[in-house]
Amino acid sequence: IEVLNTDAEGRLTLADALVYADKEVGCESIIELSTLTGACMVSLGKKVCGVWTSNDDLARDLEEASKVTGDKSWRMPLVEEYNDQLKSKIADMNNCGTRYGGAITAALFLQNFVDKKKPFAHIDIAGPVWDDKSGATGFGAKLVTEWVSKQGK
């Protein structure tokens, strides 16, 4: 991975974690929550997280969990053409794309580390995870708990 932006180092750690969850643990589906991009906050503000997944069933399940818990979410597009921004001349890929579509290219980057057939969602909680007046909000804990409790039912 060619590192074009050292401020985008978190996605490198996430890549390792996703490979571990996929290959070593053998999860049936994977969701990850991270404060990955300020670009998501620009798009959705500080009260709504962004959800990126190519799996419609997983998107529906996460939307239902969002409605039940009040952890507001919005499904965001995975624009495949933006993968071109991740191409590198000296490595398998870049760690980030251009300034435009940064939240999308971050999600596209992460998809490279999970089997394409496996349901996977990247959830960017950068906005709602922190309140300037009260601090950490715990955003996403209820969403994940609700989603996990519905698995296998």
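The values are calculated or read from the model by the stated rules, or taken from the named source; none is laboratory data. Quick caveat, the model's predicted, so the values are computed rather than measured. Every residue, glycine among them, receives a Cβ derived from its backbone with ideal geometry; neighbour counts consider all protein chains shown. Remember, those area values only see protein heavy atoms, side chains included, never the ligands or the DNA or RNA. Shrake-Rupley method; radii C 1.70, N 1.55, O 1.52, S 1.80 Å.
Tabulated data
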quantity	calculated
Paramagnetic reach from ASP132 in region 39-78 [backbone N under 19 Å; point 7 Å along Cα→Cβ]	39-49
Built amide H within the under 5 Å cut-off of ALA121, gap 5+	ILE30, ILE31, GLU32
Spin-label proximity, VAL68 to region 126-153 - amide N less than 19 Å from point 7 Å beyond Cα toward beta carbon	139-153
Full-stretch length increase - ARG60, ASP115 - with 0.36 nm per residue and alpha-carbon distance subtracted	17.8 nm
Prolate/oblate/rounded label for region 59-153 (Cα gyration tensor, a/c 1.5)	oblate
Scaled radius of gyration (Cα, divided by 2.2 N^0.38 Å) that region 1-119 gives	1.06
Residues LYS47 and LYS23, FRET efficiency given R0 of 30 Å [Cβ-Cβ distance, rounded to 0.05]	0.25
Extension gain from LYS142 to LYS89, taking 0.36 nm per residue of separation minus the Cα-Cα distance	14.9 nm
Residue-wise HN-Hα coupling along region 128-136, computed from phi with Karplus coefficients 6.51, -1.76, 1.60 (Hz; x: Gly, Pro)	x, 6, 9, 10, 4, 8, 10, x, 4
In Å², nearest 10: area of TYR20 left accessible to a 1.4 Å probe	140 Å²
Mean Kyte hydropathy of -0.5 or more with a Cα span along the axis of at least 27 Å, helices from DSSP in the chain	none
In region 93-153, the chymotrypsin sites (Phe, Trp or Tyr not before Pro) that fall in loop regions by DSSP, at most 11 other Cβ within 10 Å	TYR100
Protection proxy ranking of 74-81, 46-53 - average other beta-carbon atoms within 10 Å, highest first	46-53, 74-81
Furthest towards positive pole of dipole, THR6, VAL114, SER29, structure part the chain, Cβ charges	SER29
